[in-house]
1. Can we say residue 54 is outside the structural domain of residue 130 (by TED's automatic domain parsing) and either surrounded by fewer than 15 Cβ atoms within 10 Å (Cβ to Cβ) or on the phi > 0 side of the Ramachandran plot (or both)?
2. I'd like to verify a number: residues in segment 158-182 that are assigned to a strand (DSSP E or B) and either open to solvent by 30 Å² or more (accessible area, probe 1.4 Å) or more than 16 Å from the ligand (Cβ to nearest atom) (or both), how many?
3. In segment 200-235, which residues are surrounded by fewer than 24 Cβ atoms within 10 Å (Cβ to Cβ) and within 29 Å of residue 75 (Cβ to Cβ)?
4. Please work out if residue 190 is at pLDDT 95 or above and in contact with a strand residue (DSSP E or B) (Cβ under 9 Å, 6 or more places away or on another chain).
5. Please name all residue pairs, on different chains or six or more residues apart, with Cβ atoms under 6 Å, provided the first residue is in segment 230-248 and is on the phi > 0 side of the Ramachandran plot and the second residue is surrounded by fewer than 24 Cβ atoms within 10 Å (Cβ to Cβ).
6. Regarding residue 92, is this residue under 14 Å from residue 5 (Cα atoms), exposed (fewer than 15 other Cβ atoms within 10 Å of the Cβ) and out of contact with any Leu (no Cβ under 6 Å at 6 or more places or on another chain)?
7. Suppose we filter segment 184-209 for residues that are under 21 Å from residue 135 (Cβ atoms) and more than 16 Å from the ligand (Cβ to nearest atom); how many remain?
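The values are calculated or read from the model by the stated rules, or taken from the named source; none is laboratory data. Remember, it's a predicted structure, so these values are computed and weren't measured experimentally. FYI the Cβ positions are ideal-geometry reconstructions off the backbone, even for glycines, and counts take in every protein chain you see. Each accessible area value is taken on the protein alone, full model and side chains, heavy atoms only, with ligands, DNA and RNA left out. Shrake-Rupley method; radii C 1.70, N 1.55, O 1.52, S 1.80 Å.
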Amino acid sequence: MDRYAVIGNPIGHSKSPQIHRLFAEQTGEQMSYEALLAPIDDFAGTLRSFLSDGLGINVTVPFKEQAWALVDQHTSAAQRAGAVNTIQRQADGSLLGDNTDGKGLVRDIQHNAGLSLAGLKILLVGAGGAARGVIQPILAAGPAQLCIVNRTVSKAEALGALFIDLGPVSAAGFQWIEEPVDLIINATSASLAGNLPEISPKLIRPGHTWCYDMMYANEPTPFNRWAAEQGAERCLDGLGMLVEQAAEAFLLWRGVRPETAPVLAALR
Ligand code: NDP
């Protein structure tokens, strides 16, 4: 049986084993997929031990940057993202690192929700690892502008500078931007603690602006509750992104892209 896994710390909450089991059932692929808890101080050892026999692995918090440093080659998405969430062991034993988070986000917004990013004014809130991972795929979709805002402005500016050659990207502080935009993507971890990034409600044009929180939960997230109160046209959470990034990993490993809609419906 071909073996795959997700590795992280903590890992008990991960939905990836369920998602990949459903993908394997649907496509008839003969594979197993498990959850691996890596000690905080021995990610590399746990990874290498699994990949001596396993064919691929997904990497989650807090190891995506370490994974980037450990692999032998990067896809262009991973190279730009500075983080790896999917590793494939190749025929010669070398490790290829990819980052499918951004492709997953863009696919969820464009394909599942039906909002084309071409020509849109987009605000990306946050400048951590998740934000960095999605900038290249968003710019590839052709927005009119992508403005990165962050509590710590210098981090937004550093990210903007990293991607300036790829499209119309800019950076700002929370209080600097008040004009309505078409789409706001929350890539902060504020929702995890029940907090909101302090962005202006004027950014939302009622009945027009879409909002996307990369976090997901059984209840609407604090950010999406706030966005709905401001009259946002649609409020989406990151469960679709999670399933779509998994489908991209599955495609890399198995050469077949599973249908995501039934899996997303099962998880909901
Ligand atoms: P990081 O720790 O790398 O970055 C956290 C970011 O959140 C920083 O920009 C930080 O700002 C900002 N932040 C934290 N608290 C607040 C606050 N109270 N107000 C304003 N800004 C705040 O985290 P990640 O980038 O790895 O993850 C961010 C989110 O994305 C998480 O919720 C994670 O679950 C989600 N995610 C979802 C995925 C999916 O598949 N759906 C995939 C990957 C991530 P500052 O720089 O000022 O500290």
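1. no
2. 3
3. 210, 215, 216
4. No, not satisfied.
5. Correct list of pairs: 231/206.
6. So residue 92 does not fit the description; no.
7. 1
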